[in-house]
Amino acid sequence: MTRLAELPDTYLTSRDALQRVAVHIVARARAQATGRFGLRVTVAGFGTPEFGDDVVRVRVSGTTLVRETGGTDGATSTATAIDGSALADLAGFASVDLGSDLDVGHDTPSLGDATEPLSVDGASASALATWYATVGTALDRVVAGLPAESSPSLVQLWPEHFDVALDAAATSERRANLGGSPGDGFHDGPYAYVGPWTDDRPGDESFWNAPFGAVLVYRDLVGADDPVGLLTEFFSEGMRRLAG
């Protein structure tokens, strides 16, 4: 089981750069073709599901942007470095139009200077990918333990907040978001959350330690032997409380 390590000093800068890539390159590539922008956790990073007649997939692996096609003319894969490249360079590589309209939510990161080179550190990119994989595995375990009537949604990485999440019903009146953020205005570092859709906060009030529900912060998972197990229990406890 992979342990979560202390975050590098470059984490915040690298995370913000990778979110701009996620929104304006990866999500935009899917949105241009399908109108959808939800992403998936992939090996060593995140990317689109396959889309289009050419069966395209655009993904980030560490500090590398990868474009794959699997159409009738044969499967191909090309890659380019993110660190040191500008969004304009990556857009050309991924056949993305940066001038097209894109809205992935009210917190959509701005395009910014598309000609300015990006700075993405390998250790920080690896830490982010490990966090996503850990949260994604925990969410899969939670889904496996939920009753059918919970009707959990698909686990997706949402570029607006750069979080991996799903939603599920605890009761017919109570539904909640379960997920993991890489850090944001609420908390700089990564954290897991249970976000009820209603104002109900059943049981011990100490569990509900955030304005929007409950959080488990990254630093409390660093060095743990089984971070997936701890996250699974955290998400499951939130659902049990909401189920009464």
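The values are calculated or read from the model by the stated rules, or taken from the named source; none is laboratory data. Keep in mind the model is a prediction, meaning the values are calculated, not measured. Glycine also receives a Cβ, built like all others from the backbone with ideal geometry; neighbour counts cover every protein chain displayed. Please note that ligands, DNA and RNA were not included when accessible areas were found on the heavy atoms of the full protein model with its side chains. Shrake-Rupley method; radii C 1.70, N 1.55, O 1.52, S 1.80 Å.
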task = For segment 202-244, just say rounded, prolate or oblate: build the C-alpha gyration tensor, square-root its eigenvalues into a ≥ b ≥ c, call rounded for a/c under 1.5, and beyond that prolate if a/b exceeds b/c, oblate if not.
result = oblate
ask   = From the residues LEU118, GLY223, SER150, which one has its Cα farthest along the dipole of the chain in the positive direction, the dipole being from +1 and -1 charges on Cβ of Lys/Arg and Asp/Glu about the Cα centre?
value = SER150
ask   = With every protein chain present, what accessible area does VAL215 have (1.4 Å probe, heavy atoms only), rounded to the nearest 10 Å²?
value = 20
inquiry  = Just to confirm a number: summing +1 for Lys and Arg and -1 for Asp and Glu over residues other than GLU6 whose beta-carbon lies under 13 angstrom from that of GLU6, what do you get?
reply    = 0
request  = Name the residue, out of THR198, THR232, THR63, whose mean-square fluctuation peaks in a Gaussian network model built on the chain with Cα pairs under 10 Å.
outcome  = THR198
query = Rounded to the nearest 500, what is the chain's calculated 222 nm mean residue ellipticity when only DSSP H runs of at least 4 contribute -39500 (n - 2.57) each, over all residues?
reply = -9000 deg cm²/dmol
remark   = Taking a ≥ b ≥ c as the square roots of the eigenvalues of the Cα gyration tensor, with a/c under 1.5 meaning rounded and otherwise prolate when a/b exceeds b/c and oblate if not, segment 9-91 is prolate
query = Any idea how far apart VAL43 and SER172 come out in nm if each label point goes 7 Å out from Cα toward Cβ?
reply = 4.6
ask   = Excluding the sites themselves, what is the longest stretch of the chain that contains no chymotrypsin sites (Phe, Trp or Tyr not before Pro) in a DSSP loop with at most 14 other C-beta atoms within 10 Å?
value = 1-185
ask   = Can you work out the FRET efficiency for the pair THR34 and GLU205, with r the C-beta to C-beta distance and R0 = 45 Å, to the nearest 0.05?
value = 0.55
query = Among the GluC sites (Glu not before Pro) within segment 108-180, which fall in a DSSP loop and have no more than 10 other Cβ atoms within 10 Å of their own Cβ?
reply = GLU173
task = Would you work out which of VAL66, PRO49, THR108 lies farthest towards the positive end of the dipole of segment 25-129, given +1 charges on the beta-carbon of Lys and Arg and -1 on that of Asp and Glu, about the Cα centre?
result = PRO49
ask   = By the gyration tensor of its Cα atoms, with a ≥ b ≥ c the square roots of the eigenvalues, what is the shape of the chain: rounded for a/c under 1.5, prolate for a/b over b/c, or oblate?
value = prolate
task = Kindly report the accessible area of the chain per residue (heavy atoms of protein chains, probe 1.4 Å, no ligands, DNA or RNA), in Å².
result = 46
key: Within a Gaussian network of the chain (alpha carbon springs, distance under 10 Å), most fluctuating of ALA94, ALA176, ALA75   = ALA75
